[in-house]
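The values are calculated or read from the model by the stated rules, or taken from the named source; none is laboratory data. Given the structure is predicted, the values throughout are model-derived calculations rather than measurements. Positions of Cβ are generated from backbone atoms using ideal geometry, with glycine treated the same way; all protein chains shown enter the neighbour counts. These area figures cover heavy atoms from the full protein model, side chains too; ligands, DNA and RNA do not enter into them. Shrake-Rupley method; radii C 1.70, N 1.55, O 1.52, S 1.80 Å.
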Amino acid sequence: MDLVGTVVVAVWAMLPAYVPNNAAVLAGGGRPIDGGRSLGGRRLLGDGKTWRGTAVGTAAGVALAVALNALRPAAADALGVVLPAFPPAAMGTLAFGAMVGDIAASFLKRRTGRQRGAAFPVVDQLDFVVVALALTALAVPAWVGDTFGLPVLVTVAVLTPALHLLTNGIAYALGVKDEPW
Ligand code: CTP
Ligand code: K
Ligand code: MG
């Protein structure tokens, strides 16, 4: 596969994990997952991790994967690239895994004394892809093995932070997100 093909496959395969966090920002609010509970004087997760944001984010990721499967033949033709179809299990693990990664990062942020909204460089940009891919590898190892060769994995690792900073920067500029990270 050439470089363009590798980038197209990397973005296509990770889109169901990219969208949940952005959907959660738009949908957020309501009851926090930790119910306001604290651990050692600090919030377990904080008010930024809500049931509604998590549910809507996960649903958005699954819906996108369904849409991508429907678009796949036409997109593969137009782009001249062999695109992976999402098995049902991967739809769930990519979307939900992204939310779990973000939630786990908030847990770490609170334990390390970072307030809600504080930046946690590198963790903020990669938490969701790491957990999304790990859960997906557990659920559908053969699909992950076929889809994510080393070049695609390296592309995901390089491209994700850039895309994350770009989309959050746009959300911040539009006034829908409180911080640009
Ligand atoms: N959000 C949500 N539920 C989630 C993730 C995000 O409701 N599981 C919403 C919240 O309104 C949150 C916003 O999206 O404030 C931005 O998400 P994020 O930057 O991840 O949260 P922060 O508020 O910065 O909190 P933290 O420091 O814990 O990351
Ligand atoms: K975050
Ligand atoms: Mg934040």
For region 115-125, 3J(HN,Hα) per residue [Karplus equation, 6.51 cos²θ - 1.76 cosθ + 1.60, θ = phi - 60°, Hz, x = Gly/Pro]: 6, 3, x, 5, 7, 9, x, 6, 4, 4, 8
Degrees separating the helix 88-111 axis from the principal Cα axis of the chain, which is the longest one: 30
Alpha-carbon centroids, region 56-76 and region 117-181: separation in whole Å: 17
Whole-angstrom Cα spans of the chain along principal axes, big to small: 53, 32, 27
Accessible surface, per residue, of the chain when the full set of protein chains is kept, probe 1.4 Å, Å²: 50
Most mobile of 61, 92, 48 in a GNM of the chain (Cα contacts under 10 Å): 48
Rounded to whole Hz, the Karplus (6.51, -1.76, 1.60) HN-Hα couplings of region 141-148, x for glycine and proline: x, 5, 5, 5, x, 6, 8, 10
The chain: most fluctuating residue of 133, 71, 45 per GNM, C-alpha cutoff 10 Å: 71
Computed over the chain: relative contact order in percent, which uses C-alpha pairs under 8 Å that are six or more apart: 25
Nearest-20 debye value, the chain charge dipole, Cβ charges on Lys, Arg, Asp, Glu: 840
q = 0.11, 0.12, 0.18, 0.22 Å⁻¹: log10 I(q)/I(0) that the Debye formula gives for region 50-141, counting C-alpha atoms only: -0.39, -0.46, -0.85, -1.06
Long-range HN-HN contacts of residue 177 with modeled amide H, under 5 Å: 172
³J(HN,Hα) computed for each position of region 8-13 - Karplus, 6.51 cos²θ - 1.76 cosθ + 1.60, integer Hz, glycine/proline x: 4, 5, 4, 5, 4, 5
Fluctuation leader among 126, 135, 163 - the chain, Gaussian network, Cα springs under 10 angstrom: 163
